[in-house]
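Structure, as structure tokens:
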Amino acid sequence: MAKTLSNIAEELSNSRENIHLIYAFNATGKTRLSVAFKDFANDNDINGFYYNAFSEDLFVWDNTNVKLTISECYLNRIHWQITEEKLKEKLSPYNPKYDFSLKYYDDYARGISSVSFFIKNDPSLTPIKISRGEEKIFIWCFFLAIFDSSTDDFESQYIFIDDPISSIDEHNLFTTVFSIYELIEKYYETRKIIITTHHLALATVLSTWLTQGEKKDKFKKKHSIKLLECNNGDYQLLNPKNEVLLYHLRILQIISEAVVNNSLEMYHFALLRQLLENISSFLGSGQFSYVLHVLGFTNAEQTAYADIINSRTHKNIYTPQQNAVLSNDDKELITKIFNKLKDSFQFII
């Protein structure tokens with residue numbers, strides 16, 4: 001029986017799992033699925049928040065007055081809960097190079113009308129236009145603040161996220177995945193959370209954390225990982241083999257380039273850990289430190305290196321203060337483990 005996006009939306013809404021991670025190629029229908037889900041939810045009196053391309057369209061530049069205007073929508077009535085401090089907290093892991101101020105309507109209940117941006121520490125407060133990439137990150141963080149907001153008469157029953165940032169570099173990838181993972185941890189027991197993306201890296205990292213991460217047991221039987229496909233208008237949600245979305249070769253390429261160019265940064269520890277966890281899973285172990293054993297490191301080295309990797313990949317490293325260039329010792333450790341991986345497993349990259 002052929003399925004429409006409305007059928008898929010109903011299937012997701014009625015599923016027993018509260019966490020859905022869906023990977024699909026561009027133009028498959030991810031954004032249309034988010035709209036179909038919204039329509040289904042509205043028809044069934046299900047309240048929630050969603051983020052997709054239409055969410056980004058609410059933000060439009062007023063080039064004459066150099067400010068980012070926000071079109072009014074149903075979310076305006078909870079804007080009063082979004083403070084500059086909350087937004088700065090969400091933006092902090094991305095290390096923004098600007099300051100900003102929020103402009104509310106005279107009728108405070110109508111919410112926020114625009115945002116002005118300034119160069120940090122510029123006493124003149126001359127408004128500037130931020131880059132397209134910075135704008136996308138700001139809008140994503142604006143919605144993160146919305147996701148964290150609720151009122152007695154607007155309790156969210158779901159969060160639907162469609163490609164949070166369409167074009168992101170590797171550091172911002174992990175920052176974004178952490179922000180989604182934190183949402184999942186906070187709300188997965190009380191809200192249905194649906195994430196769709198065409199970004200294989202984002203899907204792979206998040207699926208690995210849900211299925212093989214330290215907290216995998218609490219997500220067991222509460223998540224699904226699917227592939228959205230369309231064949232002549234017939235939509236299907238398919239199961240990837242063993243819920244695995246392979247990304248290890250791309251990780252190897254990224255680390256290799258950084259080693260060769262001496263451009264290793266803190267997020268490369270996260271990439272290295274992701275790689276070790278993928279290999280560990282393939283070898284049948286639940287601990288990435290097992291790979292260090294297979295690579296021939298001594299027991300003392302295994303313990304020390306695992307401790308360093310754990311400390312460098314804690315979520316608190318994703319702050320502006322910690323995004324500095326790595327020490328020589330850290331660079332040498334990543335290089336040592338990476339070279340051992342290449343020599344032992346003969347990856348073709």
Item to complete: Among residues belonging to the range 95-111 that are at pLDDT 90 or above and either outside the structural domain of L68 (by TED's automatic domain parsing) or among the aromatic types (F, W, Y) (or both), point out the one that is nearest to Y267 (Cα to Cα).
Response: Y98
Worksheet entry | Residue ranges of strands (runs of 3 or more DSSP E) in the range 8-78 with at least 3 members within 24 Å of A109 (Cβ to Cβ) and in contact (Cβ under 8 Å) with a residue 40 or more places away in the chain | 48-51, 67-70
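Can you give me the ranges of the helices (runs of 4 or more DSSP H) entirely in the range 222-335 with at least 2 residues that are surrounded by fewer than 19 Cβ atoms within 10 Å (Cβ to Cβ) and at pLDDT 85 or above? If you could, list the steps in order and put the result at the bottom.
Working: elements: 248-260, 267-282, 289-294, 299-312.
Helices (runs of 4 or more DSSP H) meeting the threshold: 248-260, 289-294, 299-312.
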Item to complete: Would you check which residues across the range 251-279 are free of Cβ contacts under 8 Å to residues at least 60 places away in the same chain and of a type outside the set (A, V, I, L, M, F, W, C) and list them?
Response: E257, N261, S263, R273
Worksheet item: Being modelled with pLDDT of 90 or more, outside any helix (DSSP H, G or I) and within 23 Å of L33 (Cα to Cα), is that true of even one residue in the range 169-188?
Response: yes
Worksheet item: What are the residues in the range 1-51 that are under 20 Å from E189 (Cα atoms) and β-branched (V, I, T), if any?
Response: I19, I22, I46
Practice prompt. Go through the residues of the range 135-149 one by one and say whether even a single one is modelled with pLDDT of 90 or more, loosely packed, with under 15 Cβ neighbours inside 10 Å and not β-branched (V, I, T).
Written response: no
Worksheet, complete the sentence: Over the range 211-221, the set of residues touching a residue at least 60 places away in the same chain (Cβ under 8 Å) and either part of a helix (DSSP H, G or I) or not assigned by TED's automatic domain parsing to the domain that holds N26 (or both) is Q212, F219
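The values are calculated or read from the model by the stated rules, or taken from the named source; none is laboratory data. Bear in mind that the values here come from a model prediction, so they are computed numbers and not experimental data. All Cβ positions, glycine included, derive from the backbone under ideal geometry; neighbour counts span all protein chains shown.
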